[in-house]
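A quick write-up on the structure given underneath.
The values are calculated or read from the model by the stated rules, or taken from the named source; none is laboratory data. Just so you know, these numbers come straight off a predicted model, no measurement behind them. Please note: Cβ atoms are built from the backbone with ideal geometry, for glycine as well, and neighbour counts cover all protein chains shown.
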Amino acid sequence: MALAWISFVAVEQTLPVTRRHRSRAAWASRAAAALVLAVVGSCCLVVPLGIVCH
């Protein structure tokens, strides 16, 4: 399920509406931040928070 969520975030970042009125650098940084947050978020859902924070 976590892999599906990360995949959906990646697909969402490639849609034209997410690139509208943004420079390439802004779009790339936003996409990278979204993917990093999705991975970190999925890790916190799968692994207990105490283990992730250490």
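Answer yes or no as to whether residue 42 is in contact with a Phe, Trp or Tyr (Cβ under 7 Å, 6 or more places away or on another chain) and in a helix (DSSP H, G or I). In short, yes. Taking residues in region 32-45 that are closer than 15 Å to residue 7 by Cβ and at pLDDT 85 or above, and partners anywhere that are among the polar types (S, T, N, Q) and part of a helix (DSSP H, G or I), the pairs with Cβ atoms closer than 9 Å and at least 6 places apart or on different chains are 34/13; 34/18; 35/13.
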